[in-house]
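To start, the structure under review is shown below, and the notes come after it.
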Amino acid sequence: MSYDKLSCEIDCVVFLAYTICFYDRVNFLWSMMPLSRKEQFDVLFPDAPAFRFRQFEEALFGVSVQSVSDISNMSLAMRETITEKIPWLSVREVRVFESVKKDTFKAVVEIAGGKRVETVLMRNARKQWTVCVSSQVGCAMACTFCATGTMGFTRNLTSDEIVDQVRFWNIFLSKHKELSSRISNVVFMGMGEPLANYDNVKETLRLLLTYTDIGVTRIMVSTVGLLPMLEKLLDDPSWPAVRLAVSLHSADSDTRKQMMPSSYDNFLDSLVKWTEAYFRKFESRRRHLTFEYVMLSQVNDTQMHAEALIKFANRVGNVRINLIPYNFTGSVYKDSLPGDFDRFQKRLEEAGVTVTRRKTMGDDIAAACGQLIVEKDFIS
Ligand code: SAH
């Protein structure tokens, strides 16, 4: 090989390596999270005593506080710097959709870096509101029936970005006096896998429990069943006693693996062991644990699947099973036929399993469970 040819090949390799590094760097920057409000505050006021940030944080959740200028017990200079440098809300409204029944609203919001996520406001049985928050941009879990799963994963949301979805709806309700104003529940059932963003979700829970009147029994974190994280929270004294929902979707291992690529051969046995440990530790929280089950026609709603689910429920000592009607997402699946759905539910009830059926809300604006995806025409 001539020297020229060799040098040209080396150049090509070096160029390629640079391109890959650059691409990786861009991807890395792209997926980077912005600074939290606390970090921005500490940069601006390195010498401020701790209570100053708490004052700011309290104000963010204050009912009558609409901006930093309303914080009366803070110096004017500090208020002006905060107003200029730290956005009052870390999510920016792009568009709000309203369901025909006017009982569900979906917002597409933009976060730092220009990415967009969705958050939903639903009227609940108590005639108050439940906010459904996203915890990630996209999701890495790739459940085959879920629209968010098709997006892939971009980045975790910060705790500010998650809690600000609740603040966003609070502000929205304060501007719509015709709607009742109280948000009573928060569910982590939007885009993303909350336990894959453990620290930021835990911090969001702390903020909600510290600064709002929403209590632990009115907050539900839904997980695909990330066992290392489920185990971690059992040993974490600062993980609050919020309700947990595990997306079971099938008690037959092969069916579950087909529906959820994150599942594996001994997942169900490990989940039984985890549930036993959970009840050993928190017997009083028995009612705080739910297993979700999306009903897919001829996929997980047959008699064989009902029997497997009864066996599973008996092994874990009769937990609550929440049957979810499938919301159309353009996947290969179809929702259970009404007769099959009823038969499945009846068989569970006859076997003594506690079972509830989730009401579908907001499907006309693609705001129902699993339908959250930032539609292509909204992606910047
Ligand atoms: N990553 C979390 C939150 C997902 S959304 C989790 O896996 O639990 C909340 C619930 O909606 C989950 O149980 C999820 O499996 C379910 N879901 C996803 N797509 C759905 C669809 N198309 N129809 C009905 N429920 C769906």
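A few remarks follow.
- Per-residue 3J(HN,Hα) values for region 244-257, derived from phi via the Karplus relation 6.51 cos²θ - 1.76 cosθ + 1.60 with θ = phi - 60°, read 10, 10, 9, 6, 7, 6, 6, 9, 10, 4, 5, 4, 5, 5 Hz in sequence order (x marks Gly and Pro).
- Measuring against 30 Å, Cα to Cα, the residue pairs K202/K281; K202/K334; K106/K202 contain K202/K334 as the ones spanning a longer distance.
- Sequence-separation-based contact order of region 212-356, relative, with Cα cut under 8 Å and 6+ spacing, percent: 22
- Think of it as helices only: each DSSP H run of n ≥ 4 in the chain is worth -39500 (n - 2.57), and spread over all residues that comes to -12000 deg cm²/dmol at 222 nm.
- Mean Cβ neighbour count within 10 Å, used as a protection proxy, ranking 74-81, 35-42, 304-311 highest first: 304-311, 35-42, 74-81
- Set of aspartates and glutamates near K177 by C-alpha distance (under 13 Å), chain-local residues within fewer than 8 positions excluded: none
- Share of alpha-carbon pairs per 10 Å distance bin for region 224-323, given as whole %: 15, 51, 28, 6, 0
- Computed Rg/Rh of region 266-380, alpha carbon atoms with Kirkwood Rh: 1.03
- Alpha carbon convex hull of region 160-269, volume per residue in cubic angstrom: 122
- With R₀ set to 41 Å, the beta-carbon distance separating Q258 from S75 gives a calculated FRET efficiency near 0.10.
- Placed amide H near E292: partners under 5 Å, 5+ positions off or other chain: V246, S247, L248, H249, N322
- Hz values of 3J(HN,Hα) by residue in region 115-128 - Karplus curve (6.51, -1.76, 1.60), Gly and Pro given as x: 6, 10, 9, 10, 9, 10, 10, 10, 6, 9, 4, 8, 6, 10
- Gain on full extension, evaluated as 0.36 nm per residue between L44 and L89 minus their Cα-Cα distance, stands at 14.4 nm.
- Straight-line reach from K273: taking Cα to Cα under 13 Å and skipping same-chain neighbours fewer than 8 places apart, the aspartates and glutamates in range are E231.
- The alpha carbon centroids of region 159-207 and region 127-151 are separated by 13 Å.
- For the chain, size of Cβ-based charge dipole, Lys and Arg +1, Asp and Glu -1, in debye: 1320
Each value in this text was obtained by applying a stated rule to the coordinates, not by laboratory testing. Note that this is a predicted model, so its numbers are computed, not measured. Note that each Cβ is placed from the backbone with ideal geometry, even for glycine, and that neighbours are counted across all protein chains shown.
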